[in-house]
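A quick write-up on the structure given underneath.
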Amino acid sequence: MTIRQGLPTTGQVVTAAGAIMIVVFGAFMFSGDRMLMQFGLGLAVAVFVDAVIIRCLILPAVMHLFGRYAWWLPGGLAKRLPRVAIEHS
């Protein structure tokens, strides 16, 4: 799967999960407690930055730059990990 195929597939899930979390944390701003309001605003902004800027813009660009090396696994680690086959070939 390439970045061009993976981003539309996972982008919807990341965007939906981020939107839900932003709404939940944004609801904390309707509280009367100032500390809870700041906490909600901080978490909502952090989730927005993570979901939109990092996962939808920076991560695909970095993976495109790295190319096949984005999926590189060190040889010693590859020998220790079990081989798991999702599809029988």
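Looking at the stretch 19-32, can you tell me whether even one residue there is open to solvent by 70 Å² or more (accessible area, probe 1.4 Å), touching a helix residue (DSSP H, G or I) at 6+ places or on another chain (Cβ under 9 Å), under 26 Å from residue 71 (Cα atoms) and not small (Gly, Ala, Ser)? Reasoning before the result, please.
Narrowing the stretch 19-32 to residues open to solvent by 70 Å² or more (accessible area, probe 1.4 Å): 20-21, 23-24, 29-30, 32.
Those left that are additionally touching a helix residue (DSSP H, G or I) at 6+ places or on another chain (Cβ under 9 Å): 21, 23-24, 29-30.
Keeping just the survivors that are under 26 Å from residue 71 (Cα atoms) gives none.
So far as the stretch 19-32 goes, no, none of its residues is open to solvent by 70 Å² or more (accessible area, probe 1.4 Å), touching a helix residue (DSSP H, G or I) at 6+ places or on another chain (Cβ under 9 Å), under 26 Å from residue 71 (Cα atoms) and not small (Gly, Ala, Ser).
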Filtered residue count, the stretch 34-77, keeping only those that are part of a helix (DSSP H, G or I) and over 22 Å from residue 6 (Cβ atoms): 16
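Is it the case that the stretch 4-13 has a residue that's among the hydroxyl-bearing types (Ser, Thr, Tyr), in a helix (DSSP H, G or I) and surrounded by 12 or more Cβ atoms within 10 Å (Cβ to Cβ)? Quick ask: steps written out before the conclusion?
Here is the first cut: in the stretch 4-13, the ones among the hydroxyl-bearing types (Ser, Thr, Tyr) are 9-10.
Remaining after also requiring in a helix (DSSP H, G or I): 9-10.
Pick out the ones that are also surrounded by 12 or more Cβ atoms within 10 Å (Cβ to Cβ) and you get 10.
Yes, the stretch 4-13 has at least one match.
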Whether any residue in the stretch 44-60 is over 17 Å from the mean Cα position of the chain (by Cα) and either on the phi > 0 side of the Ramachandran plot or open to solvent by 80 Å² or more (accessible area, probe 1.4 Å) (or both) is what I want to check. no
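The values are calculated or read from the model by the stated rules, or taken from the named source; none is laboratory data. Model, not experiment: these values are computed from the prediction. Ideal geometry is used to build each Cβ from the backbone, glycine not excepted, and the neighbour counts take in all protein chains shown. Heads up: the accessible areas ignore ligands, DNA and RNA and are worked out on the full protein's heavy atoms, side chains in. Shrake-Rupley method; radii C 1.70, N 1.55, O 1.52, S 1.80 Å.
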